[in-house]
Each structure stands twice: as C-alpha cells, then as structure tokens.
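Working notes for the structure below.
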Amino acid sequence: MAVDFERIKRDFPILNVKSHGKPLVYLDSAATSQKPRQVIDAVSDFYSNYNANINRGVYEISEKATEAYSNSKNKVSSFINAGGMEEIIYVRNATEAINLVAMSWGDQNIKKGDRILISEMEHHSNIVPWQLLAKKKGAALEYIKLTEDNTRLDMEDLKAKVESGPKLLSITHVSNVLGTINDVKRITEMAHKNGAAVLIDGAQSAPHMAVDVKDIGCDFFAFSGHKMLAPTGIGVLYGKSEVLESMPPFLGGGDMIKTVEKQSATWNDLPWKFEAGTSNIEGGIGLGVAVDYLNSIGMDNITAHESELTEYALSRLDGMSGVSVFGPGQKDLDIKTGVIAFAIKGVHPHDVASIFDNEGVAIRAGHHCAMPLVVGLAPEKAVARMSFYIYNRKEDIDRALKAIETIKRIFKIN
Ligand code: PMP
C-alpha cells in the first residue's frame, strides 16, 4: 500500500512554522526529529488526565500511568525484536545507555591489559565512555580504520583487530556523519567468534530502518527516543537478559531494589534493576506512541522513502562544481541512509549553515560530535550536514539546492 507522505507531513505542527519569513524546511533530523501531533497529544493527555508516579500507586490514575509506561516497553521490545520488556532499560538517551554498559558491564569485565575496540566513525558518545573506562582499568582503546575514501569500515583492518581478541567491540550501526550503514550482523558474528561482547550504537539506525536485535545477535543495542519522534530525555538500552542479569546496578536508589537493610540491599528484577529513581514517565509513554506511529507507516516504507530522497539529493549534488559530498555515493545506496555531509570549497560550514538558515532551511554544521572522523574530512575540520526523515519531500531538497546556488553566487564559485 502506498504511503501518503504528504499527509504524514501534516501531522507535524512545527512544519507550519515560518523561519525568516519562509516556510521552515527541517533537514536536521539526525540531531533530533520533530514530533507528530499524536506524540505531543499523548504527553499532554498524560499530564492532563493521569499524571501520577508509577509502580507503587494503588489508585486508578497511578495504575493507568504504570500500565502505559509498561506497555511502552513492550512496544519497544517488539519494535527491535527483543525478548520482552525485561530486556528494555529506559535511560535518558543513547549516550547514557552506552555509559551504563561502560560503568556496569565494563567495570565488571574489563581488566588491565584488555582491549576495547571501536571504529574511526564513532560519535563521541561511543568514544569517551570507553576512554574513561580504559584509563580507569589500564586497558587499551583501539580503532578500526576506515577505507581510504573515508566512506566505510576497512574490513581487512576490522578482521585483523577482531581476531586479535578484544574483550568488547562497540560500533555504530549507522554513521551520523557519513550515513554509512555497517553490516552489524556480520561484524557481531566475527566478534563473538573471537570472544568479544558486542554493543551496537543504534542512535542513527533505529529511527530509520527495521532493527532486529535477535538477528543481529548483539549483546547490547543503544538508541535515543528523541531521534525517532519521541520526546527528549528518553532513551533505550537493550541487553540480552542473561547479560543484564550478570551485571551490577548502574545507579542506586528507589525502584532498583527489592530490599534494603542498613548495610546492604538486594536488587529488583529486570529491567527495574537499572532504573533508579522516578522514571521519565511522559517520555516513556511518548516513545510508545512514537513506535506506534512509525509502525503504522512501516519501517521498510520509511527506509524506501528516505532512500529515494537521498538518491535525489545525491544525483543533484554529484558533480556540482565546488561541492564535495562525504560518505557512500549514489551507487551505494544500500549502505547509505538519509544523512548527507558536504562542504563547499572555500566557504566555512558555519557560513553555509547560516545562509541555509536565511533561506529558512535548518541544517547543522561543525564536527557533529565525531571529531576523530571529521577533522580529517575537510580543511575547516568541520562539515555541513543535511539529514532526512519521514516528513521531508523532494521540494525540501530543492530548497536546499537553491540555498547552495545562493552560496555559490555570493562566494563567486563557478
Ligand atoms: N550515536 C550516534 C551515532 C549519534 O548520532 C548520536 C546523536 N547525534 C548519539 C550516539 C548520541 O545520542 P544522544 O545525544 O541522544 O545521546
């Protein structure tokens, strides 16, 4: 059944806003997505009609809130094909999910002299937690190289480093700069064969493609609600239940305990063992509604829509004088999401983004929290980036292309 993406766009109130007097074109969904009215209404409905703390109340609105929050976890579990809500831990965002693994699993399992393997295309949130852990434990942090054209992982290097036996491989599913989709199933298989645990950073994949954690086989999978239509402040750590069972708590406090005595405590069941204190209830409920919304469109339809937009954009940018595009190109759309980093010769990416802004087009410029990658891409050590989602149309890309023409005119680039 064909999806009416024009109708979908109408579900997002913010897209009626004018920016610098022009209809807003939002091309920064890799940073955070916009929210459909269904999610906004669900949050408002919670506060208007059944706001109460969860898990403890014996009165009607608390039970309703508890049920909505738990339902959300069940929806998220199905969304990524996990084994049930005990494998779904709610945290603030992907960053906190990765830190949870570093501080709990890492503290328990990483010893002096061990090796932790990541790649050169990671976001800072999949670099810094491992730097902290490696320093604390006297472990080594190693990086899988990229191919010379900086478009994808160097699989030879990956193979060699995985075969040399790291304790943990933590790698992104999709690069937030290059848009490259990594073959995480194959990589997980290779890592497991060599005895490493595997964490996949799914911040840029879960919003845009069907994810099946059982099929991937990873031990952990981290992502953020705010990049997939949900409110900010809610994120997910998936962990295999047997791995989560073996790990010590991350934070201590209410809700994560079964019993507390003066000098000791026992831990609650999964997933609550890892959720100390009052949860982000509105965020959890909003995430459940966001998952319903994405499912109603169908993740494969979303991937196809974004791929069409990406192909359209790349076909027009390719060969445009003065413009360089990073990441896999038109011929490699099967390993590319709707994230397009680019540079315009002689123009600082911040000036590019400012001129886009004047045209009412929101894009991002800078190091994109991926400094080890981005400093090597362009002399400015920064790039501009446009990124697409379900509410974008080809007309939005035409507006971006028009902004590029304006920049070329101002800076006299032929
Ligand atoms: N990993 C990747 C690949 C990302 O793109 C991002 C967000 N830009 C993160 C992790 C961190 O997400 P958050 O800031 O929501 O924790």
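Laboratory data are not the source of any read-out in this text; all were calculated from the coordinates shown. None of these values were measured; they are calculated from a predicted model. Reconstructed Cβ throughout: ideal geometry from the backbone, glycine too, with neighbour counts over all protein chains shown.
Straightening the chain between His20 and Asp398 buys 134.3 nm, computed as 0.36 nm per residue apart minus the Cα-Cα spacing. Taking all Cα pairs closer than 8 Å and separated by 6 or more residues, the relative contact order of the chain comes to 22 percent.
The tail of the calculated P(r) for region 63-162, taken as Cα-Cα distances beyond 22 Å, holds 49 percent of the pairs.
Placing one equal scatterer on every Cα of region 40-295 and applying the Debye formula, the log10 ratio I(q)/I(0) at q = 0.07, 0.15, 0.16 Å⁻¹ is -0.24, -1.04, -1.16. Per-residue Cβ neighbour counts within 10 Å put Leu237, Leu251 in the sequence Leu251, Leu237, beginning with the fewest. Would you mind checking the pairs Lys73/Lys135; Lys185/Lys258; Lys159/Lys408; Lys145/Lys331; Lys227/Lys258 and listing those with alpha carbons more than 31 angstrom apart? From Lys73/Lys135; Lys185/Lys258; Lys159/Lys408; Lys145/Lys331; Lys227/Lys258, over 31 Å: Lys73/Lys135; Lys185/Lys258; Lys159/Lys408; Lys227/Lys258. Charges were assigned to the Cβ only: +1 to each Lys and Arg, -1 to each Asp and Glu. The resulting dipole of region 228-329 about its Cα centre is roughly 340 debye.
The order of Asp398, Asp219, going from fewest to most other C-beta atoms within 10 Å of their C-beta, is Asp398, Asp219.
Charge dipole of region 40-295 (Cα centre as origin; +1 on each Lys and Arg Cβ, -1 on each Asp and Glu Cβ, all else neutral): 740 debye, rounded to the nearest 20. Spin-label model, Glu6/Ser48: points 7 Å from Cα along the beta carbon direction are separated by 3.0 nm. A simple spin-label model places pseudo-atoms 7 Å from Cα toward Cβ; at Asp149 and Ala265 they are separated by 5.3 nm.
Shown here: region 271-379, whose C-alpha atoms stretch 53, 31, 29 Å along the first, second and third principal axes, sorted largest to smallest.
Overall, region 47-143 carries a charge dipole of about 340 debye about its Cα centre when +1 sits on the Cβ of Lys and Arg and -1 on the Cβ of Asp and Glu, all other atoms neutral. Which of the aspartates and glutamates could be linked to Lys412 by a straight reach, that is with a Cα gap under 20 Å, when you skip same-chain ones fewer than 8 residues away? Partners within reach: Asp318, Asp351, Asp357, Glu359, Glu380. Among Tyr50, Tyr69, a tally of other beta-carbon atoms within 10 Å of each Cβ gives an order, fewest to most, of Tyr50, Tyr69.
Projecting the alpha carbon convex hull of region 1-120 along each direction and taking the average yields 13.5 nm².
The residue among Ala30, Ile281, Val383 whose Cα reaches farthest toward the positive pole of the charge dipole of the chain, with charges on the beta-carbon of Lys, Arg, Asp and Glu, is Val383.
What separates the Cα centres of region 61-82 and region 102-126 is a distance of 30 Å.
Using the Cβ-Cβ distance between Ile257 and Arg186 with R0 set to 45 Å, the FRET efficiency works out to roughly 0.65.
Whole-Hz Karplus values for region 246-261 come out as 7, 8, x, x, 9, 10, x, x, x, 6, 8, 10, 9, 9, 10, 10 Hz, taken residue by residue from phi with 6.51 cos²θ - 1.76 cosθ + 1.60 and θ = phi - 60°; glycine and proline positions read x.
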